[in-house]
Amino acid sequence: MLVNVTAGAPGRTDRTRPPEIINSPDWADLVDELDVQPDNHLVTKQRRSAFHDTGLDAHLRGLGVTQVVLTGISTCSGVESTARSAYDHGYHVVLATDAMTDTDPDAHTNSIERIFPKLGETTTTAEILDMLAETK
């Protein structure tokens, strides 16, 4: 699953994305390094959580998914909201903490050290890849 964001929640006018980001025609494009494939499922969110109004839960359940691994570029916002939603939906949540970042270092640290351990397992990308290699 790949997730991008195209808007914010309606009704909030005091916090908006800077005009230079919104007015850029490619601001919601995924980076080339993700190597997007035609069979990848793209979730376009307009709220903080990738689960809110996106059909993601139904799609995952249709595939029989019980565990999610989360990464992201807004640890204390999008990643944390998605982790909370995944937990609330009953998924086993794994958080690749070395594959996250945030513009606020203190908020990033708070999410990783205080919030994420309550929602799932925190680990590194290397440990996740090692575990996957062992299950093949």
Which of Gly120, Thr97, Ala58 sits closest to the plus end of the dipole of the chain, meaning its Cα is farthest towards the positive end, when Lys and Arg get +1 and Asp and Glu get -1 on the C-beta?
Ala58
How do Ser111, Ser77 rank when sorted from fewest to most other Cβ atoms within 10 Å of their own Cβ?
Ser77, Ser111
Spin-label point model (7 Å from Cα, Cβ direction): what's the Ala58 to Asn110 distance in nm?
3.5 nm
How large is log10 of I(q)/I(0) for the chain at q = 0.11, 0.15, 0.21 Å⁻¹ when the intensity is taken from the Debye formula with one equal scatterer per alpha-carbon?
-0.43, -0.81, -1.55
12 Å cut-off, amide nitrogen to a point 7 angstrom out along Thr135 Cα→Cβ, residues in the stretch 65-91
65-69
If r is the Cβ-Cβ distance from Glu127 to Ala7 and R0 is 35 Å, what FRET efficiency results, to the nearest 0.05?
0.50
Relative contact order (percent, whole number), the chain, Cα cutoff 8 Å, 6+ residue spacing
20 percent
Order of 41-51, 80-90 by packing, highest average Cβ count within 10 Å first?
80-90, 41-51
Treat every Asp and Glu Cβ in the chain as -1 and every Lys and Arg Cβ as +1, leave all other atoms uncharged, and give the resulting dipole magnitude about the Cα centre to the nearest 20 debye.
660 debye
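Where a number appears in this text, it was derived from the coordinates with a stated rule and is not lab data. Here the structure is a predicted model, which means the values were calculated and not measured. No Cβ is skipped: glycine too gets one built from the backbone with ideal geometry, and neighbour counts run over all protein chains shown.
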